[in-house]
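Enquirer: Attaching a single structure in structure tokens format; questions to follow.
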Amino acid sequence: MYSASCHCGAIILEVAEKPQTLTECTCSICHRLGAQWAYYTRGQVRISGSPAARTAYLWGDKCIEFYHCKTCGCTTHYESVEKNNDSRIAINTRMMPRNDTVDIPLRRFDGADTWEFLDE
């Protein structure tokens, strides 16, 4: 089991499988967050902790919710506003223990301009 949590531990995300790759996006919000994302389906992720501890930020076309902890401010994940077991959820792997992600290949995605991976 792999887990990610905000700094204060109020939001915990758990997955059974280690991510194959991490993605660092250059879009305006991901660049500011400094996140490294691992992608799963909603059905693969268990979110625990108090639902009242997390809040969502929506911007642009308001189709993605970026969740952060109300107490410590850490951005833990994002997901589509349309939630079902097959929808994508991205976990900010910066919230995982460093040893769990150190050997995972990092891909850079140009979400700011070309909408393509930069290192392929």
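The values are calculated or read from the model by the stated rules, or taken from the named source; none is laboratory data. Nothing here was measured: the structure is a model prediction, and the numbers come from that model. Every residue, glycine as well, gets a Cβ built from its backbone with ideal geometry; the counts of neighbours run over all protein chains shown.
Enquirer: Given the criteria free of Cβ contacts under 8 Å to residues at least 40 places away in the same chain and buried (at least 19 other Cβ atoms within 10 Å of the Cβ), does Glu65 qualify?
Expert: no
Enquirer: If you take the residues in region 14-42 that are of a type in the set (Val, Ile, Thr) and in contact (Cβ under 8 Å) with a residue 40 or more places away in the chain, which one is nearest to Asn92 (Cα to Cα)?
Expert: For region 14-42, the residue satisfying everything is Thr23.
Enquirer: Another question about this same structure. Just checking, how many residues over region 29-42 are touching an Asp or Glu at 6+ places or on another chain (Cβ under 7 Å) and outside any loop (DSSP other than H, G, I, E, B)?
Expert: Total meeting the criteria: 2.
Enquirer: Among the residues of region 55-82, count how many are in contact with a Ser or Thr (Cβ under 8 Å, 6 or more places away or on another chain), in a strand (DSSP E or B) and within 18 Å of Ser28 (Cβ to Cβ).
Expert: Looking only at that region, the number is 5.
Enquirer: Could I ask something else about it? Answer yes if at least one residue in region 24-33 is buried (at least 19 other Cβ atoms within 10 Å of the Cβ), basic (Lys, Arg) and at pLDDT 95 or above, and no otherwise.
Expert: no
Enquirer: I'm told Asp61 meets every condition in (1) within 14 Å of Arg88 (Cα to Cα); (2) modelled with pLDDT under 95 except one. Can you identify the failing condition by its number?
Expert: (1)
Enquirer: To continue, here is another question. Keeping to region 45-58, report how many residues are more than 15 Å from Asn92 (Cα to Cα), surrounded by 15 or more Cβ atoms within 10 Å (Cβ to Cβ) and not hydrophobic (A, V, I, L, M, F, W, C).
Expert: The total comes to 1.
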